[in-house]
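First comes the structure, then the notes that go with it.
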Amino acid sequence: MHGRIVIISASVGAGHDGAADQLTDRLRLFGYEVDRHDFLDLLPAGLGALLAGSYHHLLTWAPTIYQRIYAATESADRPGPAIRALLRAAERRTLRAVGPGAVAVISTYPGASQVLGALRLRGLLDVLALTYLTDFSVHGLWVAPGIDAHLAVHPVPAAQAHALGAAGVQVCGPVVDPRFVPGDEEDRRLARLRFGLPGPASLALLVAGSWPR
């Protein structure tokens, strides 16, 4: 074993956990021991479920309100007072989750990144802290002072993170299921036949999130 790496995700939509799943598989293949934690479990009792439930209800019943909140906070230099108080409440449990002997901790959720960065700045966390940016559009909360490196799936989110002041921005590519591979001409032809798509037309693939069941 090369050492123990801690990954902190969040079961708020499936994307954060999906990236954490693939990071876990790859790191284990490289010989690392991996511990997984859900950031919602690191919040005081009941707050994690409340956060997930509120997020789900906004997306389901009031998506316009959610979009307004997202837009209003997208370029904020730091979280607002209410969010900062919520994140501070997770610091003690986060430190316990990382524990002694870890060589690095990776976050796939912006709230966890904010907590890890704050702990690094205050000298309470003495291991490398990384953020894996799961989004192509980088919200301001993803960029946390104190994080050692921000890993992006593509140059576009890397440039956005850099513009927001992120440290150690690197493009590392997507972490997806091994079944997803670049297709050749024959693959594309067969895919068009399978889904009844017109042969010569240009196509666009829209990829959205999902909610874990």
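The values are calculated or read from the model by the stated rules, or taken from the named source; none is laboratory data. Computed from a predicted model, the values in this text were never measured in an experiment. Cβ sites come from the backbone with ideal geometry, for glycine too, and all protein chains shown count toward neighbours. Surface accessibility is based on the protein's heavy atoms, side chains included, excluding ligands, DNA and RNA. Shrake-Rupley method; radii C 1.70, N 1.55, O 1.52, S 1.80 Å.
Of all residues in the range 155-213 being assigned to a loop (DSSP other than H, G, I, E, B), among the β-branched types (V, I, T) and surrounded by 12 or more Cβ atoms within 10 Å (Cβ to Cβ), which is modelled with the highest pLDDT?
Selected residue: V175.
Residues to consider are A144, A97; find the one that is open to solvent by less than 30 Å² (accessible area, probe 1.4 Å), of a type in the set (G, A, S) and within 16 Å of G48 (Cα to Cα).
Of the residues listed, the single one that is open to solvent by less than 30 Å² (accessible area, probe 1.4 Å), of a type in the set (G, A, S) and within 16 Å of G48 (Cα to Cα) is A97.
Report, by residue number, each residue of the range 66-79 that is exposed (fewer than 11 other Cβ atoms within 10 Å of the Cβ) and part of a helix (DSSP H, G or I).
A71, A72
Just to check your reading of the model, which residue among V207, V156, V181, V175 is aliphatic (A, V, I, L, M), on the phi < 0 side of the Ramachandran plot and in contact (Cβ under 8 Å) with a residue 60 or more places away in the chain?
V175
Considering only residues that are β-branched (V, I, T) and out of contact with any Gly (no Cβ under 7 Å at 6 or more places or on another chain), which ones fall in the range 148-168?
Once the filter is applied, which keeps residues that are β-branched (V, I, T) and out of contact with any Gly (no Cβ under 7 Å at 6 or more places or on another chain), the range 148-168 yields only V156.
Residues of the range 106-128 being more than 20 Å from L51 (Cα to Cα), more than 13 Å from the chain's Cα centre (by Cα) and open to solvent by less than 50 Å² (accessible area, probe 1.4 Å), which ones?
If the condition is that a residue be more than 20 Å from L51 (Cα to Cα), more than 13 Å from the chain's Cα centre (by Cα) and open to solvent by less than 50 Å² (accessible area, probe 1.4 Å), then G117, A118, L119, L125, V127 are the ones that fit.
Let's see how each residue does on (1) assigned to a helix (DSSP H, G or I); (2) of a type in the set (G, A, S):
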position: H2; (1), (2): no, no
position: A19; (1), (2): yes, yes
position: D25; (1), (2): yes, no
position: L51; (1), (2): yes, no
position: Y55; (1), (2): yes, no
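Of the residues in the range 19-52, how many are of a type in the set (G, A, S), at negative phi and touching a residue at least 12 places away in the same chain (Cβ under 8 Å)?
The qualifying residues number 3.
Name the one entry in L58, L87, L40 that is touching a Phe, Trp or Tyr at 6+ places or on another chain (Cβ under 7 Å), of a type in the set (A, V, I, L, M, F, W, C) and open to solvent by less than 60 Å² (accessible area, probe 1.4 Å).
Step by step, each of L58, L87, L40 is checked, and only L58 is touching a Phe, Trp or Tyr at 6+ places or on another chain (Cβ under 7 Å), of a type in the set (A, V, I, L, M, F, W, C) and open to solvent by less than 60 Å² (accessible area, probe 1.4 Å).
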